Protein chains: 2
Amino acid sequence: MPMVTMADVAREAGVSVMTVSNVLTERKRVNDPTKARVLAAMDSLGYEVNLTARHLRAGRTDTVALIVPSFHDYFGEVADEIAPLVEAEGRHLVLERTSANPASEMESVSVARLQMYDGVLLSVAGLDREQLDRVRTAKPIVLLGERDVPDRVDHVRLANEEGARLATAHMIEGGARRVLALGCTPGGEHTMTSDRRAGWELAHRRAGLPYDERYVVPVEPYSSHVAQDRVRDVIASGLPFDAIFAATDVIALGAVAALAEHGLRVPEVVQLAGFDNLDVSNFVPPGITSVDPNHQGVAGHAVRLLHRRMADRDAPAEHIVAPVSLVVRGSTRGGH
Amino acid sequence: MPMVTMADVAREAGVSVMTVSNVLTERKRVNDPTKARVLAAMDSLGYEVNLTARHLRAGRTDTVALIVPSFHDYFGEVADEIAPLVEAEGRHLVLERTSANPASEMESVSVARLQMYDGVLLSVAGLDREQLDRVRTAKPIVLLGERDVPDRVDHVRLANEEGARLATAHMIEGGARRVLALGCTPGGEHTMTSDRRAGWELAHRRAGLPYDERYVVPVEPYSSHVAQDRVRDVIASGLPFDAIFAATDVIALGAVAALAEHGLRVPEVVQLAGFDNLDVSNFVPPGITSVDPNHQGVAGHAVRLLHRRMADRDAPAEHIVAPVSLVVRGSTRGGH
DNA sequence: CTGTTAGCGCATTCAG
DNA sequence: CTGAATGCGCTAACAG
């Protein structure tokens, strides 16, 4: 099945290759009769332009890549926000996944592959420090995510600490005094889970309350299932608690299940707040209070930074912290 | 910022372009000292191979595209299953979204863009009949989804009717006699929502029970929110029901919320079953019975068909119906 | 308005 | 083992 090229169309229509190209791109006027012949030839031969060749010739692909650790959940949501913004600039968006298979020849983030795109939005969630340092390319690139990244690179991340503080403070106002930080981790490096723990701490300090490291309950691996197990463990241990700040809504779901099986009513006995404002949080009775991660804002900043970077390689790097907000639902008793 | 090419590296290393290419592709032996010089030159110049050029030269891209109507939810999940299978064949997977903007110059499915890929997995969910007919390309392509598609094309779809039948029959065995078909649609054409309604019907017929078209409650637009409203409407109308088959788990979530606000206990007063087996269905108390859509099976068939098609353009088209299974949880009382 | 020339960066073919 | 020539399919620039 040989590919039909412009040369084939040109021969069929009795014109030169350039005329075919001109008909296709509409960059030059072509006489109507000639144009008609060319279009007829294209149609009868089933011609389709070879974008690979066009890209090589043009030196650009008009395509932006969003590279994520996995396609589902959070990243799929953000991608859907980003897509129309990229298309509005006349470019295409494609998603790629960082292969979870570092031993393979396909590197998880092949710099060569970035060459294919005019710009790259790279989620740093799946990358370690070394991989981050290797991302030293001339390509316009914007990093997304909660880790520390080199200063020289544009970066958009969430206000994780502030979101966690908002949620925790809200439950404290509602009377909570022993708040589990479920799915959070100790430690001072900037990761999603430790930033959110820091917000939990800050809420306590601002309220003049002590906080107890025993209330920081990591969830590893990160799933609703394990979260459910951890809450069971805490209940079994006898550690008293009257609220749970879950580092994500997925974690909160595990807590919902564990609380339900022990008959601990939400919010009367235990308040509960999550982070991510998944759709489901609106519908799981009694409605789960959650920090909205502002997908639109993140998407908007990311695309804006990338666009700016594509226009000016030498612009100073920007580091954006996208604000978040608390969506209050039935699972908390908060103030106000 | 001029791109560094093989010619630059060759000049720097004092060799020919071909030697650089040979070092890069390892297709021919190159003397160690020469190789070292070339590698050093690549490193110092920051050379990265231009994949666009390589692809043009090679006539293939070693890349497969999965084209979906949206990145989140169902498609993100399937994509995560497909990715490792494609990578196992030594190819890359990228996701593209069918633009929701048909008026724009970018067609929702540009056949030209398909040229960029060695193979395409195309979800037909977002396409109308006319768009489907236009997909008349020589590219290896496999269609995914619940619509009727032309016989000549490879196609993988779910056993929607069978899944709906399983879920409904299970609730009938558990004593249900008035089962809402929420989010289902009447009509005989093959769509996801009408196939699932057909399964609901079939379960009634097999059980020797009558079914009443008033119990088919469409949800439009498709969201938990609207589903919640529809269930409210039904309750307000006084139409008696003792079970809900929800066409998707997202729809089921809306039902959960509506039932909770009316104090209708699940499963004591109303049984509930969904379709998709989302993670959340495991954790929303009391656990939502759901049809597992067999992402792995769908992914496996899709990749297998595509692989076969890439190897043999003239193979007869296959139409696969991937089997599903019922995951029973607390929201139903079913038999057995 | 249409055609000719040239080359984007790479890798196959065939000489040396 | 290394190099020179050639062309993948397309389009900018210029000539007719």
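The table below lists the values:
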read-out	value
Residue count for the stretch B:267-289, restricted to those that are within 10 Å of chain A (Cβ to nearest Cβ) and either in a loop (DSSP other than H, G, I, E, B) or in contact with a Leu (Cβ under 7 Å, 6 or more places away or on another chain) (or both)	7
Which listed residue is within 20 Å of B:G300 (Cα to Cα) and either over 17 Å from the mean Cα position of the chain (by Cα) or of a type in the set (G, A, S) (or both), from B:G188, B:G183, B:G145	B:G145
Hits in the stretch A:23-49 - residues which are more than 19 Å from B:V111 (Cα to Cα) and within 45 Å of the chain's Cα centre (by Cα)	A:R27, A:K28, A:R29
Every pair of residues 6+ apart whose Cβ atoms lie under 7 Å, when the first sits in the stretch B:1-23 and is of a type in the set (S, T, Y) while the second is within 8 Å of DNA strand D (Cβ to nearest atom) and part of a loop (DSSP other than H, G, I, E, B)	B:T19/B:V30
Members of the stretch B:126-136 found to be buried (at least 18 other Cβ atoms within 10 Å of the Cβ) and within 14 Å of another protein chain (Cβ to nearest Cβ), listed by number	B:G126, B:V135
Verdict on B:L56 being within 16 Å of DNA strand C (Cβ to nearest atom), at pLDDT 90 or above, at the interface with another protein chain (Cβ under 7 Å from one of its Cβ atoms) and under 39 Å from the mean Cα position of the chain (by Cα)	yes
Test set (1) touching a helix residue (DSSP H, G or I) at 6+ places or on another chain (Cβ under 6 Å); (2) aliphatic (A, V, I, L, M); (3) more than 13 Å from A:A112 (Cβ to Cβ) - B:A36 fails condition number	(1)
Yes/no for B:V17 being within 9 Å of DNA strand C (Cβ to nearest atom), out of contact with any Gly (no Cβ under 9 Å at 6 or more places or on another chain) and aliphatic (A, V, I, L, M)	yes
Residue match in the stretch A:242-251 (condition: within 11 Å of another protein chain (Cβ to nearest Cβ) and part of a loop (DSSP other than H, G, I, E, B))	no
Boolean, A:V64 is of a type outside the set (F, W, Y), within 9 Å of DNA strand C (Cβ to nearest atom) and modelled with pLDDT of 90 or more	no
Among (1) without any contact (Cβ under 8 Å) to a residue 60 or more places away in the chain; (2) within 18 Å of the chain's Cα centre (by Cα), the one test that B:S290 misses	(1)
Condition met for A:T63 (within 14 Å of chain B (Cβ to nearest Cβ) and among the hydroxyl-bearing types (S, T, Y))	yes
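To keep it simple, each residue is scored yes or no on (1) surrounded by fewer than 24 Cβ atoms within 10 Å (Cβ to Cβ); (2) part of a loop (DSSP other than H, G, I, E, B).
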{"site": "A:A138", "(1), (2)": "yes, yes"}
{"site": "A:R152", "(1), (2)": "yes, yes"}
{"site": "A:R157", "(1), (2)": "yes, no"}
{"site": "A:E162", "(1), (2)": "yes, no"}
{"site": "A:S194", "(1), (2)": "yes, no"}
{"site": "A:W200", "(1), (2)": "no, no"}
{"site": "A:R205", "(1), (2)": "yes, no"}
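The values are calculated or read from the model by the stated rules, or taken from the named source; none is laboratory data. The shown structure was predicted, so the numbers you read here are calculated from the model rather than taken from an experiment. Note that we place each Cβ from the backbone using ideal geometry, even for glycine, and neighbour counts take in every protein chain shown.
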